[in-house]
Amino acid sequence: AVAKQLDEGSRSHPKTGERIGDIRAYTAQEYGGADRPSPRIEPWEAAKEADGTVEMLENYIASIEARSALSSGNVASARTLAKAGLSGPTGAHAYPRYVNAAVQTAAGEPAQALADYEAALAGPEPAGAIYSAASALLLAAGQRERAVDVMEGGYRRLQEAPSLTVPLIHAYRLAGRQGDADRLAAQCALRWPAMKQVCADEAAGRAPVKQ
């Protein structure tokens, strides 16, 4: 049930290409006429020499490798790498926690996965994908209103990001809040016309059309 719900949550999440397109359109609209500063390497060189930088980079590399191992089905290796990613200065960082949550889910430990998601969400600058994944896990566990609370919190914190709109509609619908799902789908159609159909399909509970 958990895997099925997480799969549904993933399918309701806008494709990466669509999200990149949204970012490009926003950047062109808001900053198209701005002068671009010349690249500078001095800040990066200084950062590399700062205390803890090497360890932090190594931990993030371990987390990235954990994701790769998990994608290959090697849960044992992913667990070891994810644990390394959580050591020292990155123990409270959102991305390593997010990766460990995915590993714990694959290992059949949803309670620990949820604890990792909650820690990630409490950290600085959590990505939208963390809200979506945490909400999907809560929905799978039958905690529907809590799932809605997580998605609403992310939607507010990330300033109503388009990438969180469909997952929030999904959470509303599964929580029995069809009026809220329909309302947000209507707002989606007005604000992001390219997402009109996927928002409407999610609100209606229709499977997305495969291109």
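Observations on the structure shown:
- Scanning region 85-104 for any residue that is out of contact with any Leu (no Cβ under 7 Å at 6 or more places or on another chain) and over 30 Å from Thr53 (Cβ atoms) turns up nothing.
- Positions within region 148-197 being aromatic (Phe, Trp, Tyr) and within 21 Å of Glu118 (Cα to Cα), in sequence order: Tyr155, Tyr172
- Check on Ala107, over 17 Å from the mean Cα position of the chain (by Cα), surrounded by fewer than 21 Cβ atoms within 10 Å (Cβ to Cβ) and either within 24 Å of Ala140 (Cβ to Cβ) or not charged (D, E, K, R) (or both): yes
- Boolean, Ala147 is buried (at least 23 other Cβ atoms within 10 Å of the Cβ), farther than 22 Å from Ile23 by Cα, out of contact with any Asp or Glu (no Cβ under 9 Å at 6 or more places or on another chain) and not acidic (Asp, Glu): yes
- Among the candidates Leu164, Leu139, residue that is over 14 Å from the mean Cα position of the chain (by Cα), buried (at least 21 other Cβ atoms within 10 Å of the Cβ), in a helix (DSSP H, G or I) and touching a residue at least 24 places away in the same chain (Cβ under 8 Å): Leu139
- Among the residues making up region 63-98, a single one is in a loop (DSSP other than H, G, I, E, B), in contact with an Asp or Glu (Cβ under 9 Å, 6 or more places away or on another chain) and either closer than 14 Å to Ala120 by Cα or open to solvent by 50 Å² or more (accessible area, probe 1.4 Å) (or both): Leu86.
The values are calculated or read from the model by the stated rules, or taken from the named source; none is laboratory data. Note that the structure is predicted; figures quoted are calculated from it, not measured. Here Cβ is always computed from backbone atoms with ideal geometry, including for glycine, and neighbour counts include all displayed protein chains. With ligands, DNA and RNA removed, areas are computed over all heavy atoms of the protein, side chains included. Shrake-Rupley method; radii C 1.70, N 1.55, O 1.52, S 1.80 Å.
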